[in-house]
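Reviewing the structure listed below.
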Amino acid sequence: MEALFLANFAQEVFVIHRREKLKADVVMQEKLFANEKIKFIWNSGISRIFGTKSVEGIALKTAASDDETILPINGVFIAVGTLPETEFVSDLIDLDAEGYIIAPETKTSCKGIFAAGDVVSGSLKQAIFAAGQGALMSRHIEEYLGAR
Ligand SMILES: Cc1cc2nc3c(=O)[nH]c(=O)nc-3n(C[C@H](O)[C@H](O)[C@H](O)COP(=O)(O)OP(=O)(O)OC[C@H]3O[C@@H](n4cnc5c(N)ncnc54)[C@H](O)[C@@H]3O)c2cc1C
């Protein structure tokens, strides 16, 4: 998703991935592979980012070898996953093993606390899903307050 976004502005986008295939959904993968600006470097990780005043390149390593390959580039965008900011509610409501809020139909384990969007366990991480959950959540809040 991030690579597609960056391809709107950059001449070339290199996706450096430590495995030999992506885990993203197939539709998203098809979009990525169809974009001529996006190139993949598989089984690799960044060992160094270098440059004087700004980024001039990166050094890449594979798991199989200590040899570095240099790739001249102008910028690095690190997208290695997301972390939910849920620490502040961890004493109040149930979270899953990765820290996402468990909230079936937006209802958390604590009555009166609701959750919607990317922060919810099992979220599709799409704007339309977050907005839909927001609408459902507002209905539940209304019901909760109306019953008090
Ligand atoms: C690069 C990129 C491209 C995307 N493209 C698409 C797309 O094409 N289509 C699509 O459907 N979805 C897309 N998404 C996903 C979409 O952006 C999210 O699913 C959606 O924004 C989730 O909405 P949300 O309200 O749950 O979370 P967010 O939009 O992340 O909003 C959460 C807000 O809470 C704030 N916040 C965090 N912690 C705290 C705190 N402790 N106190 C107060 N505020 C806090 C954050 O600053 C943020 O403003 C994209 C995401 C990314 C990163």
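Residues of region 18-40 that are open to solvent by less than 40 Å² (accessible area, probe 1.4 Å) and modelled with pLDDT under 95: LEU22, MET28, GLN29, LEU32. Just one of the listed residues (ASP67, ASP91) is at pLDDT below 95, among the charged types (D, E, K, R) and assigned to a loop (DSSP other than H, G, I, E, B), and it is ASP67.
Checking each residue in region 88-107 for being out of contact with any helix residue (DSSP H, G or I) (no Cβ under 8 Å at 6 or more places or on another chain), of a type in the set (Val, Ile, Thr) and within 15 Å of the ligand (Cβ to nearest atom) picks out VAL89, ILE93. Please list, ordered by first then second residue, the pairs with beta carbon atoms under 6 Å, 6 or more apart or interchain, first in region 128-148 and modelled with pLDDT of 95 or more, second in a helix (DSSP H, G or I). The qualifying pairs are GLN133/THR106; LEU136/THR106; MET137/THR106; HIS140/THR106. VAL80 meets the conditions (1) surrounded by fewer than 11 Cβ atoms within 10 Å (Cβ to Cβ); (2) over 27 Å from GLY122 (Cβ atoms) in every case but one. The failed one is (2).
The values are calculated or read from the model by the stated rules, or taken from the named source; none is laboratory data. Everything quoted here is computed from the prediction, not taken from an experiment. Neighbour counts are summed over all protein chains in view; Cβ atoms, including those assigned to glycine, are modelled from backbone coordinates with ideal geometry. What goes into the accessible areas is simple: the full protein's heavy atoms, side chains included, and nothing from ligands, DNA or RNA. Shrake-Rupley method; radii C 1.70, N 1.55, O 1.52, S 1.80 Å.
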